[in-house]
Amino acid sequence: MGGRSRLVNRAILRTLSQHSSSSSSSPSTLPASGSGANAVREEVKSLGRAGGAILGSAVDESGARKAQWGAGWVFAAAGLVGMSGGAVGSLHTQAEEEPKASIVPEVARPASKPRVVFVLGGPGSGKGTQCAKIVDSYGFVHLSAGDLLRAEIKSGSPDGTMIQNMIKEGKIVPSSVTINLLKKAMAESNTDKFLIDGFPRNEENRADFEKVTGILPEFILFFDCPETELERRLLGRNEGRVDDNIETIRKRFKVFIESSLPVIDHYEKIGKARKIDATKSREEVFNAIDPLFRPFLETDLQRATEVLLKGIDSGDLSTYERFCDPGMTAFEPEASGHLVKGLDFHRFYFNKKVAGGNEAENFRQSTVTSPVVTLLDSNVGLVTYTRLVQDRSSSEVKAYNETRLWQRKKVNGQFEWKNVHFHRSLA
Ligand SMILES: Nc1ncnc2c1ncn2[C@@H]1O[C@H](COP(=O)(O)OP(=O)(O)O)[C@@H](O)[C@H]1O
Ligand SMILES: Nc1ccn([C@@H]2O[C@H](COP(=O)(O)OP(=O)(O)O)[C@@H](O)[C@H]2O)c(=O)n1
C-alpha cells in the first residue's frame, strides 16, 4: 500500500513477467516450478526478511492497477493457495514448505481484525469534511475522537465535567477515557474498516491505543495546512463549539505543534504517513486521498470471492445468494455453451447436494491458484483465478479457469459486492 510495497510489488511483477511466456503479467502463465518459481521464492524470502507484508495494489508494466491476492499471487507461483479447510483466506502451500511465518499477508488476516486509518491534522484542517466523503465512497465507519468526547459530556457521564474543561482549554483528555470510547464504538459497529479522526493526538494516545487494542493503523492521513488558513476556517465553522474562539484556537495550535506533530513524525519514520495538501479545495483534497483507499476495496472484493467459493464448496445456498446478484449471468460447462441468467440454474446444484444427504460424500474442497483482482473503478471489479476442485465422491481433480465480474452496490445503506457475471471453463 505504501511506496515501499508498491516498489516491491513492481519487482515481483517484473520477476514474474520475465518467466512468463506470453503477456507481461499474465498470471495464468506463472511458473509452477523451476527457475521462475525459485526466483519468486527468493523475492518472497527477501520480503519476509525485510518484514514487508505483500498487500494491496501493484502497478504492472503497462501502468494498470492490479491487486495481489495477498501472498497468493506469489504462492501461486511457488505453490497453491487454499480456499477451504480452515479459516477463509488461510494460505497453504502444497508443493513444498515456504517461510510462512515470516510473511504475514495482511489480506489473510481474519476478517474480524479491524483495519484502521488515523486522520490527523491541525484543528480545522478538514478532517471531518473528508472523513464524510470517504465514508460515502468506501464504506468506512467514521469515529471522531472529539465527537465521542462531546457526546460523553452530553450523556451526563461522571467524566463529563473534566472533559468539558479540557476541551475549553484546548488540552488533550487522558488516553484511558478516549480509548475506552473508541473501543466501545468499534465494538458496537458491524464493520472492520474504521477512520479514526483526531486521534492519536499525543504520544500517550498513540502508545496506549496500540497497547490496549493491539491495532496498528494501515496508514495515517496527515492534512497539512498553515495556521492562518486553519484560523480562518475555525472562526467560520459556526458549529457553536466552545473551543472555536480565538483564545482557545491559539491554545489548540500550540498543543498540536507540541504534542501531535511528534506523533505524525513517528508515523513518517515508519513509512505510514500520507501527507495531503489541505489548503486545496474540498474536491481537490478528496482527489488526492481517493487512490489511497482503493486497496481496501480490492481486499474486500477478494474476501467476497473467498467467502462465495467457500459457500459453493459447502453447499451453503444462503451465502451464494447473498453474494450473487439475482440477475447474474453465467457461462459454465453445465450450461453447454449457453448463457444462463438468474440464480435458478445454480440453485439446482445446491438442492441436489442437500437431497444427496451424505455430508462426507458431498465434501468438496477448492484450491485457488493464480488469483488476480483488478478494480475497474470503485464499483466494478474483476476476479480471475484457476480453481482446483477436489471431490470426496471422485478421485478426479477438476481444474477450472474462472472469471467473476463484481459490482459494488449499496444495500440498506451498506456497500456490498455482488457477483453479476461469471465464466467458468475447464482448464
Ligand atoms: N478544503 C477546504 N477548503 C475550505 N474550507 C474547508 C475545507 N475543508 C473543510 N473546510 C471547512 O473548514 C472548517 C473546518 O473543517 P472540519 O472538517 O470541521 O475540520 P477538522 O475536522 O479538521 O477540525 C469547516 O467549516 C469546513 O466546512
Ligand atoms: N484524541 C483527542 C481528540 C480530541 N480531544 C479534545 O477534543 C478537542 C476537539 O477536537 P476535535 O478533533 O473534535 O476538533 P479539532 O480540534 O481537530 O477541530 C481537542 O481540542 C481536545 O480538547 C482530545 O482530548 N483527545
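The values are calculated or read from the model by the stated rules, or taken from the named source; none is laboratory data. Small disclaimer: the values here were computed from a predicted structure and weren't measured. Here Cβ is always computed from backbone atoms with ideal geometry, including for glycine, and neighbour counts include all displayed protein chains. For accessibility, only protein heavy atoms count, side chains too; no ligands or nucleic acids. Shrake-Rupley method; radii C 1.70, N 1.55, O 1.52, S 1.80 Å.
Values as computed for the structure displayed
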item: Residue among ASP243, ASP300 that is crowded, with 16+ Cβ neighbours inside 10 Å and more than 27 Å from the chain's Cα centre (by Cα); result: ASP243
item: Yes/no for GLN407 being under 18 Å from GLU306 (Cα atoms) and open to solvent by 50 Å² or more (accessible area, probe 1.4 Å); result: yes
item: Residue check, SER155 open to solvent by 20 Å² or more (accessible area, probe 1.4 Å), more than 27 Å from the chain's Cα centre (by Cα) and hydroxyl-bearing (Ser, Thr, Tyr); result: yes
item: Residues (modelled with pLDDT under 95 and small (Gly, Ala, Ser)) located in region 377-398; result: SER378, SER393, SER394, SER395
item: Per-region count, region 228-286, residues part of a loop (DSSP other than H, G, I, E, B) and away from ligand 1 (no atom under 15 Å from the Cβ); result: 3
item: Test: residue in region 304-319 that is small (Gly, Ala, Ser), open to solvent by 70 Å² or more (accessible area, probe 1.4 Å) and at positive phi; result: no
item: ALA145 being at pLDDT 95 or above, small (Gly, Ala, Ser), within 16 Å of ligand 2 (Cβ to nearest atom) and open to solvent by 20 Å² or more (accessible area, probe 1.4 Å); result: no
item: All positions within region 378-407 that are without any contact (Cβ under 8 Å) to a residue 24 or more places away in the chain and of a type in the set (S, T, N, Q); result: SER394, SER395, THR403
